[in-house]
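**Student:** Supplied in structure tokens, the structure appears directly below.
The values are calculated or read from the model by the stated rules, or taken from the named source; none is laboratory data. Computed from a predicted structure; not experimentally measured. Using ideal geometry, Cβ is built from the backbone for each residue, glycine included, and neighbour counts are taken over all protein chains shown. Surface accessibility is based on the protein's heavy atoms, side chains included, excluding ligands, DNA and RNA. Shrake-Rupley method; radii C 1.70, N 1.55, O 1.52, S 1.80 Å.
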Amino acid sequence: MNAPAPGPEPAHKVVDRLPPDLAERVAAEVERSAGDDATVRIGDPQDRRDALARAQQRDTDEVVQGPPLSTAPISGPQARGAIAGAVGFGAFGLVIGLLIGLIPMFDLPLGARLGLWALVGAMAGAAAGFVFGGGREPELEGATRDTSTDVTVAVVSDDPAVRQRAEQLMGEAELEVAERARRLAKRDRPRGSL
């Protein structure tokens, strides 16, 4: 028997993937506040598919694509990091290039050496900063994290207030997950190290 084709999640269902402790906390709070007006599930395989589709949709909502930065689609944190990195590293490369240009070589006049090496240094620095900043900023903003242990929590209810409260609780849990990822990135140590 074939599984149903992916589509939008039902209008009466709110679903998310969270670390186990936060998923249980959200489920307990919704069950406590909603009572019999909601069905709360943790770890259901169908909910996992819906949560992955929801996360993928959220990821595409913040994609930046176009010639100012790149022809490839990149996320908002990647774009911010790439711009800041390119400017900062480019300025540093420019200064290093000017210092290298002070060295006499190839019987070139001082102005030509300074201009040539400033251009080379700025371009090299900007390229390195674009790559480094585009990779590091998502970590610092908590946009990257290990989701391998996440479980799904789903709330099914016909009551819009219950669904809204579940969305609010899941949003708060997502903020806590991002804060955990930021703290981990700032410590710059892999999970499980001393």
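**Student:** Cβ neighbours within 10 Å, averaged per peptide: list 89-102, 127-140 in order, most packed at the top.
**Tutor:** Details: 89-102: 17.4, 127-140: 19.1.
Order by mean packing, descending: 127-140, 89-102.
**Student:** Roughly how many Å² is the accessible area per residue of region 27-127, as a whole number, for a 1.4 Å probe?
**Tutor:** 63 Å²
**Student:** Among 98, 144, 132, whose Cα lies farthest out toward the positive end of the dipole of region 12-171, if unit charges sit on the beta carbon of Lys, Arg (+1) and Asp, Glu (-1)?
**Tutor:** Sorting the options by dipole projection puts first 98.
**Student:** If you take the beta carbon distance between residue 172 and residue 107 as r and set R0 to 45 Å, what does 1/(1 + (r/R0)^6) give as a FRET efficiency, to the nearest 0.05?
**Tutor:** My answer for the efficiency is 0.10.
**Student:** Can you give the FRET efficiency to the nearest 0.05 for residue 49 and residue 179, using r as the Cβ-Cβ distance and R₀ = 22 Å?
**Tutor:** 0.20
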